[in-house]
Amino acid sequence: MTVSATPHEFHVPGSPVSVNRYGTRAYRDWRGEVHARSIAASVWSGPLMPGPCSVKVRYFWRLDRRKDVDNILKAILDGLDGKIGVTPKPSQTVLLDDREVEHVVSQRTRLGFATRLDARRLRPEEYQAALAALSGQAAVFVSIGPGPNHARSVTR
């Protein structure tokens, strides 16, 4: 099965939880929220991305205590593949397994009241995440797409 060329995008309002809080209720709740937002209004069954894929995460923060961009990835990837603390794993997930992720981009963006947002420069869900962060304390935009073309990135 091939991965869709169209990225699957969504945002999660609120402060992401660090891997340093692994095993806590806050960690379980956050990855559950990521899972719920990732399959909201879904029209597929089974994993959406069953093969190699890329994930882009953009963490917008305003009043939130700044978090490391690498530490927030684990809970997000766990939520995408259905590791939400329920047994058995839900049948409807974005990823078959987070081991299928071959490329990750993680970015942190600080927002302030003087920040100018240009909807023409941001993807629609990315713009919604930025607005959510301005009205709250933080939000995370997630985009999942096809994996990298290794034939173009490896020289022989």
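The values are calculated or read from the model by the stated rules, or taken from the named source; none is laboratory data. All of these numbers come straight from a predicted model, not from anything done at the bench. Here Cβ is always computed from backbone atoms with ideal geometry, including for glycine, and neighbour counts include all displayed protein chains.
Out of segment 22-67, which residues are acidic (Asp, Glu) and within 13 Å of ASP81 (Cα to Cα)? Show your work before the answer.
Here is the first cut: in segment 22-67, the residues acidic (Asp, Glu) are 29, 33, 64.
Answer for segment 22-67, where residues must be acidic (Asp, Glu) and within 13 Å of ASP81 (Cα to Cα): just GLU33.
Would you confirm whether any residue within segment 38-56 is surrounded by fewer than 17 Cβ atoms within 10 Å (Cβ to Cβ), within 16 Å of the chain's Cα centre (by Cα), within 18 Å of ALA138 (Cβ to Cβ) and at pLDDT 90 or above?
No, segment 38-56 has no match at all.
Would you confirm whether any residue within segment 80-91 is part of a helix (DSSP H, G or I), in contact with a Lys or Arg (Cβ under 7 Å, 6 or more places away or on another chain) and at negative phi? So that I can check it myself, show each step before the final result.
Applying the first criterion (part of a helix (DSSP H, G or I)) to segment 80-91 yields 80.
Cutting the leftovers down to in contact with a Lys or Arg (Cβ under 7 Å, 6 or more places away or on another chain) gives us none.
Within segment 80-91 (the criterion being part of a helix (DSSP H, G or I), in contact with a Lys or Arg (Cβ under 7 Å, 6 or more places away or on another chain) and at negative phi), the answer is no, since none of the residues qualifies.
So, of the residues in segment 93-111 that are out of contact with any helix residue (DSSP H, G or I) (no Cβ under 6 Å at 6 or more places or on another chain) and of a type in the set (A, V, I, L, M, F, W, C), which turns out to be farthest from ALA139 (Cα to Cα)?
Looking at the filtered set, the residue picked out is LEU96.
Filter segment 41-76 for residues that are of a type in the set (Gly, Ala, Ser) and touching a strand residue (DSSP E or B) at 6+ places or on another chain (Cβ under 7 Å) and give the result.
Keep residues of segment 41-76 that are of a type in the set (Gly, Ala, Ser), which gives 41-42, 45-46, 51, 54, 75.
Correct list: SER54 only.
For segment 40-49, check the following and say yes or no: at least one residue is in contact (Cβ under 8 Å) with a residue 40 or more places away in the chain and closer than 29 Å to ALA114 by Cα.
Here is the first cut: in segment 40-49, the residues in contact (Cβ under 8 Å) with a residue 40 or more places away in the chain are 42, 44-49.
This time we only want the ones that are closer than 29 Å to ALA114 by Cα, so: none.
So far as segment 40-49 goes, no, none of its residues is in contact (Cβ under 8 Å) with a residue 40 or more places away in the chain and closer than 29 Å to ALA114 by Cα.
Which numbered condition trips up SER15, out of (1) over 18 Å from ASP98 (Cβ atoms); (2) surrounded by fewer than 18 Cβ atoms within 10 Å (Cβ to Cβ); (3) not hydrophobic (A, V, I, L, M, F, W, C)?
(2)
Can you run down the residue pairs with Cβ atoms below 6 Å, 6 or more apart or on separate chains, where the first is in segment 135-148 and within 19 Å of LEU122 (Cα to Cα) and the partner is outside any strand (DSSP E or B) and not acidic (Asp, Glu)?
ALA138/SER15; ALA139/ALA129; ALA139/ALA132; ALA139/ALA133; VAL140/PRO16; PHE141/ALA129; SER143/PRO7; GLY145/PRO7
Could you tell me which residue of segment 105-144 is nearest to SER15 (Cα to Cα), considering only residues that are surrounded by 18 or more Cβ atoms within 10 Å (Cβ to Cβ) and polar (S, T, N, Q)?
For segment 105-144, the residue satisfying everything is GLN128.
Hey, any hits in segment 80-92 for a residue that's in contact (Cβ under 8 Å) with a residue 12 or more places away in the chain, among the polar types (S, T, N, Q) and surrounded by fewer than 20 Cβ atoms within 10 Å (Cβ to Cβ)? Reasoning before the result, please.
Applying the first criterion (in contact (Cβ under 8 Å) with a residue 12 or more places away in the chain) to segment 80-92 yields 80-85, 90-92.
So of that shortlist, the ones also among the polar types (S, T, N, Q) come out as 91-92.
With surrounded by fewer than 20 Cβ atoms within 10 Å (Cβ to Cβ) added as a condition, the list becomes 91-92.
Yes, that holds for at least one residue.
Would you list the strands (runs of 3 or more DSSP E) that sit entirely within segment 1-62 and hold 2 or more residues that are among the aromatic types (Phe, Trp, Tyr)? If you could, list the steps in order and put the result at the bottom.
Working: elements: 8-13, 47-49, 53-61.
It comes to 53-61.
Are any of the residues in segment 100-117 part of a loop (DSSP other than H, G, I, E, B), under 17 Å from the mean Cα position of the chain (by Cα) and in contact (Cβ under 8 Å) with a residue 24 or more places away in the chain? Let's see the steps before the verdict.
The initial filter retains those residues of segment 100-117 that are part of a loop (DSSP other than H, G, I, E, B), namely 111-117.
Okay, now just the ones that are also under 17 Å from the mean Cα position of the chain (by Cα), so none.
No: zero hits.
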